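Structure, as structure tokens:
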């Protein structure tokens, strides 16, 4: 009888411990929701996304342990998703204020200066924590190709344009204007000018935005249970699979640079446009033109190094 009572009491003790553990997790989720709202209100977006990821981990643990047995779980997941959508909306709205596109004419304006660049760094990291940075850079690369690269390096049908840059201590603005190359300029001169314009464009984008590096801090520490259908999706798995490991100052962390994301989206198209619409027209047809063509080769090497 004593053994039976002991077993019964031990079972009840384990059940109480499990209940207390569950209640503690539910309190963590509730506090996490409240604190995330507070961080959104204070525009502390990186911290908000980190806390949001921690709540995700707790919900994943609860889902694994209880699944459909916990009636409140679907409501908590809906609340988590709604908070993520709100967080992403606020971050993207701020991003569009610092990386702004206007139409008629099309002008790209990027906030510059140390403070603005640091702010863009934090926004990029927050978006990366939400797995929303890659799609945003993909869209940005498409806009750059359409509005600038294909106009600076046009095909034989469309007229060529030049980029016009306006820069001050607060921002840098880029738009395209009519080609200012003299009509009687040689094909090599035109090629050199196009290569120079393309290089200037890419250097401006790199210096003011694309040199930012984001760290896969959340992806590295989160559990491998993100394939749970209840919470995780294919985008998270794709983002994790696309991560590179970069080691710096003795601290190895999965990270990536915006320039790498940008290049993955449009490097092939840029290279093809350079070959078809720029370099091919400057290829010499006589030995006497080789000396002039070396200028193109030298500029192309500088472009590849950069």
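Summary table below
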{"quantity": "Projected area, mean over directions - segment 110-170, Cα convex hull, nm²", "calculated": "5.1 nm²"}
{"quantity": "Among 33-45, 55-67, the order from most to least packed when residues are scored by Cβ within 10 Å on average", "calculated": "55-67, 33-45"}
{"quantity": "Highest average packing first - 92-104, 123-135, Cβ atoms within 10 Å", "calculated": "123-135, 92-104"}
{"quantity": "Three-way shape label, segment 90-133, alpha-carbon gyration tensor, a/c 1.5", "calculated": "oblate"}
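Where a number appears in this text, it was derived from the coordinates with a stated rule and is not lab data. For clarity, every value in this text was computed on a predicted model and none was experimentally measured. All Cβ positions, glycine included, derive from the backbone under ideal geometry; neighbour counts span all protein chains shown.
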